[in-house]
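Undergrad: Sharing a structure here in structure tokens format.
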Amino acid sequence: MIHIAVLVSGGGTNLQALIDAQQAGKIENGRIALVVSSNPTAGALERAARANIPSAVLRRRDFGSTDAYAQALDALLRENGIGLVVLAGFMTVLPDSLCRSWENRIINVHPSLIPSFCGEGYYGLRVHEAALAKGVKVTGATVHFVSEVVDGGAIIAQKAVDVADDDTPETLQRRVMEQAEWVLLPQAVSDFCAGRLQQRSNGANRKEKE
């Protein structure tokens, strides 16, 4: 059984999707053992409490250096026997040292079809504002492994979502969450925990059951 840590900063809708999947028995060989928030008032902490999942708050600004923050987060994860780290709306960029030491054990969900609208500065509503400004007709979400390059790790899965003519950033954000993020993330977590993900030089492929 792989212990999962979910890192959050806001309301925790993706965390809830994972909790719901776990309660429905859809996370094979894995369970959420810890929720870590960068924000002490995050709604995600209330979701964790309702699901009886232990939580902790770790803010980057409470540490004097990036290295000190990385060491504290690393220690917290190891103390809880974590085997997979899931970034679910986590608004703090992980230090390079942590990305290296947890290589291929951290996954992130991003609200676009990478390589579009991703990288430094693209998060939250900004992603959907950029997509609408560009006039794209299709957007979506991507689950990928985390590397030292922001949104640059191997892609695990993607799902497309149509853009409506009357979309606002808020309506588009909601549709991408409902149709893509909440579908892709639990499946990717389950695939990881069940040993169905295989890293390749051009991405991460899902291995079918033999």
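Undergrad: Inside region 142-181, can you point out the residues that are open to solvent by less than 60 Å² (accessible area, probe 1.4 Å), in a loop (DSSP other than H, G, I, E, B) and aliphatic (A, V, I, L, M)?
TA: V146, V150, A154, V163, A164
Undergrad: Hey, could you check region 1-14 for residues that are open to solvent by 20 Å² or more (accessible area, probe 1.4 Å) and not small (G, A, S) and say which is nearest to V85 (Cα to Cα)?
TA: Once the filter is applied, the top-ranked residue is H3.
Undergrad: Restricting the first residue to region 42-55 and requiring it to be modelled with pLDDT under 95, which pairs with a second residue that is open to solvent by less than 30 Å² (accessible area, probe 1.4 Å) and of a type outside the set (S, T, N, Q) meet a Cβ separation below 7 Å and a spacing of at least six or different chains?
TA: As it stands, the answer is none, since no pair meets every condition given.
Undergrad: Mind checking which pairs have a first residue in region 170-183 that is β-branched (V, I, T) and a second that is open to solvent by 50 Å² or more (accessible area, probe 1.4 Å) and modelled with pLDDT of 95 or more, Cβ under 8 Å, 6 or more apart or different chains?
TA: Going by the 8 Å Cβ cut-off, the qualifying pairs are V183/K159.
Undergrad: Same structure, new question: Quick one: what pairs do we get from region 150-161, first residue more than 16 Å from F90 (Cα to Cα) and in contact (Cβ under 8 Å) with a residue 40 or more places away in the chain, second part of a strand (DSSP E or B) and open to solvent by 50 Å² or more (accessible area, probe 1.4 Å), C-beta under 7 Å, 6+ apart or different chains?
TA: Partner pairs satisfying both residue conditions: A154/Q199; A160/V138.
The values are calculated or read from the model by the stated rules, or taken from the named source; none is laboratory data. Predicted model only: the values in this text are computed from it and were never measured. Cβ sites come from the backbone with ideal geometry, for glycine too, and all protein chains shown count toward neighbours. All accessible areas refer to the heavy atoms of the entire protein, side chains included, with ligands and DNA or RNA removed. Shrake-Rupley method; radii C 1.70, N 1.55, O 1.52, S 1.80 Å.
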